[in-house]
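Rule-based calculations on the coordinates, nothing more; no lab input. Just so it is clear, the structure is predicted and the values come from calculations on it, not from any experiment. No Cβ is skipped: glycine too gets one built from the backbone with ideal geometry, and neighbour counts run over all protein chains shown.
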Amino acid sequence: MTKPSPFAVRGRRALMIMKDERDIALLRRQFDRLGMSVIEAEPAQSQLPPDPVDVIVLDADSIPIKSDCALSWKINSPIIALIGTETPSRLKWLLDLQPASFLVKPLRSAGLYTALVVAFDCAQRRIEEAAHVERLEDRIRSRRIVVAAVLQLIRAHALSEEDAFTLIRQTAMRYRTTIEQLSVEIIAVGGMPNRTSRTA
Amino acid sequence: MTKPSIPLGLVFSRSGPYAMMAREMEKSALMAVDEVNRSGEFDFTFVPHLRDPGGVVAAYHACCDNLIREEQVEHIVGCYTSASRKQVIPIVERTERLLWHPARYEGFESSDNVIYVGAAPNHTVVPLVRHMLDRIASEVFCAGSNYVWTWESNRVLREIVSGAGGRILAERLLELGDTAVDHIVNEIIDRKPPAVFNTLVGESSYAFMRALHAASQRAGLSIPVLSCSLCEPELKMIGPAASVGCITSSAYFESIEGAENRAFVARWKARHGTDSNLSVDGQSTYVCVMLLARAIRRAGSTDVAAVRRAAANHRYDSPQGPVWVDPANNHCFLTPRLARSVQGSQFEIFWEAEAPERPDPYLSDLDLASFARPDKASETTLRRGSHLRVVK
């Protein structure tokens, strides 16, 4: 699958959670120019529209800090925060929503495109980083198995720890499988399996 | 020869949720305008153009737009809430006009097109918290209105108090205008906190003060209430019994000694009646007009850049004492004061800073290490901070 370019905004869909009519009109015009479609939601509502969107534009000042509504939203799309008040109490609230980018009010016609590109790029990187972290966590979880396999080979074949690990690594490479998968098999048969066919 | 006249925009919400305070501010602005116009010290007169946005945030933009386009004003005095100021800032920045803002606010803003005459957070919440930690308690119950002033005041309070080893016992919020205060008052009576920090505004605050006073009397309790916003006309709204004993931080109280203030109060009472009271915001609005008039005189022009330059560092001996604009951030040097509310809708000042304090809107100079670490063994400490200067 090719990665979507963050610069390609045409056809994407934005959700505007805003109150100020002039700001809404300004952004709507700008989204039109960019070829994006827009839906709107009231800042006070407890649930967001079910339609999937590519980005959310959220006017931070339109939602009281101590209300639960924004926290109850299931947000999967990157957020562009519109910032008027720069007090730390407001910014702390905003950080909890993990905005992907922001625009400072008063809004102008310039700036939205940059904010969108940064938000899309940020969202893409977050997806990639999450996948990377998942792979790493898998490997950490299987470390226990690799260690058990190394111990198995040390006992069964009287190898040093280093030689046992080298043997597992080379065998895994030869059979085009992963160290983790081969370790599972070593533990299952109590020693290096006698493999005649390639797995994986 | 008649003096040249200068149009002056006055934007106050005479109707709407904070009409009471806004009317006080407008009265002060008009009094200052009259004094300037009658004075031989100024070779111009102000022509006030009044606008009432009715407390509707979006209406502030239209009011200022109209003042600038139709009345050709270069200077506007007005706004009370931060939400309204944020509406006005884009238009004064775009058209290079100057907004003279009288009300204290929570800070974290600094526009070249606003002169912030009201107190910055280092003038209000910081000295109040210092006093609380030094003299009252290190644990506090917070009751406030659900908006930016409370959020930010409570954040500063929390930061200082927890840095000093103390604790916020609870933070209870009411929507603006809500007067259903009983659940908060009941919780306070149940938990008996050593102090209550009140950032409620308007009717919510008056209802809360009355209900807390009544409940405390029934329970035989006396819990100190602290505020950064209560002013004399509000004490009157709360009523004679419940308004007494509140510890308040402000740059202005009607009871300030000194010739300037005594004369100012006398002129005010002559104009508005002996039973009327001044307020910090009213006095600050008067100061706005006077700072503007002096800057125009000094600049010899109403041009915004020239006026801004002329206002910078130019000391004015106002009713609240010496005031001048810090050109670094367009906020004012002011003298913080602490007072206790007493009978007769007045405040008895018990501490004031030795000199006007530099405004610090971003609290970048706030030194958390300078706050007392109260003795955790006892709820109250009676250590005296060296910064305290007792004036009464």
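Structure summary
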| item | result |
| --- | --- |
| Among A:Ala81, A:Ala41, A:Ala100: highest mean-square fluctuation, GNM of chain A, C-alpha pairs under 10 Å | A:Ala41 |
| Tensor-based shape of region B:82-207 (alpha-carbon gyration tensor, a/c under 1.5 rounded, otherwise prolate or oblate) | oblate |
| Magnitude of the charge dipole, region B:267-325, Cβ model with Lys/Arg +1 and Asp/Glu -1, debye to 20 | 240 debye |
| DSSP-loop GluC sites (Glu not before Pro) across region B:106-211, with at most 14 other Cβ within 10 angstrom | B:Glu175 |
| Check: region A:131-189 dipole with +1 on Lys, Arg Cβ and -1 on Asp, Glu Cβ, in debye | 80 debye |
| Region A:13-110: relative contact order as a whole-number percent, Cα under 8 Å and 6+ apart | 28 percent |
| Residues B:Ser301 and B:Gln217, FRET efficiency given R0 of 45 Å [Cβ-Cβ distance, rounded to 0.05] | 0.15 |
| GluC sites (Glu not before Pro) restricted to region A:89-180 and DSSP loop, no more than 16 other C-beta within 10 Å | none |
| Greater than 26 Å apart at Cα, pairs in B:Lys27/B:Lys86; A:Lys19/B:Lys86; B:Lys3/B:Lys27; B:Lys27/B:Lys236; B:Lys3/B:Lys86 | B:Lys3/B:Lys86 |
| Choice from B:His331, B:His272, B:His213 showing the highest fluctuation, given a GNM over chain B with Cα pairs closer than 10 Å | B:His272 |
| Residues in region B:198-230 reached by a label modelled at B:Ala180 [backbone nitrogen below 19 Å; 7 Å Cα→Cβ] | B:200-212 |
| Debye-sum result for the protein assembly as shown in log10 I(q)/I(0), which assumes one identical scatterer on each alpha carbon, at q = 0.05, 0.06, 0.08, 0.09 Å⁻¹ | -0.31, -0.43, -0.66, -0.79 |
| Relative contact order (%) - chain B, alpha-carbon pairs under 8 angstrom, separation at least six | 19 percent |
| Helix runs (DSSP H) in chain B reaching 18 Å along axis by Cα, Kyte-Doolittle at least -0.5 | B:19-38, B:57-70, B:82-94, B:148-163, B:202-219, B:280-299 |
| Fluctuation leader among B:Asp326, B:Asp360, B:Asp303 - chain B, Gaussian network, Cα springs under 10 angstrom | B:Asp303 |
| Euclidean distance between Cα centres, region B:70-120 to region B:233-297, Å | 21 Å |
| Taking only Cα atoms of region A:131-189, radius of gyration then Dmax in Å | 11.6, 39 |
| Taking N as its residue count, the alpha carbon Rg of region A:1-150 over 2.2 N^0.38 Å | 1.24 |
| Rg/Rh ratio calculated on Cα atoms of region B:193-310 (Kirkwood radius) | 1.12 |
| Charge dipole (debye, nearest 20) of region A:13-110; +1 at Cβ of Lys and Arg, -1 at Cβ of Asp and Glu | 220 debye |
| Those aspartates and glutamates that a straight Cα-Cα span of less than 20 Å connects to B:Lys192, excepting residues fewer than 8 apart in one chain | B:Asp134, B:Glu139, B:Glu171, B:Asp182, B:Asp375, B:Glu379 |
| Positive-end residue of B:Ile160, B:Phe208, B:Leu291, charge dipole of region B:139-296 with Cβ unit charges | B:Leu291 |
| For a label point 7 Å along the Cα-to-beta-carbon line of B:Gln72, residues of region B:286-311 with backbone N under 19 Å | B:296-297, B:300-307 |
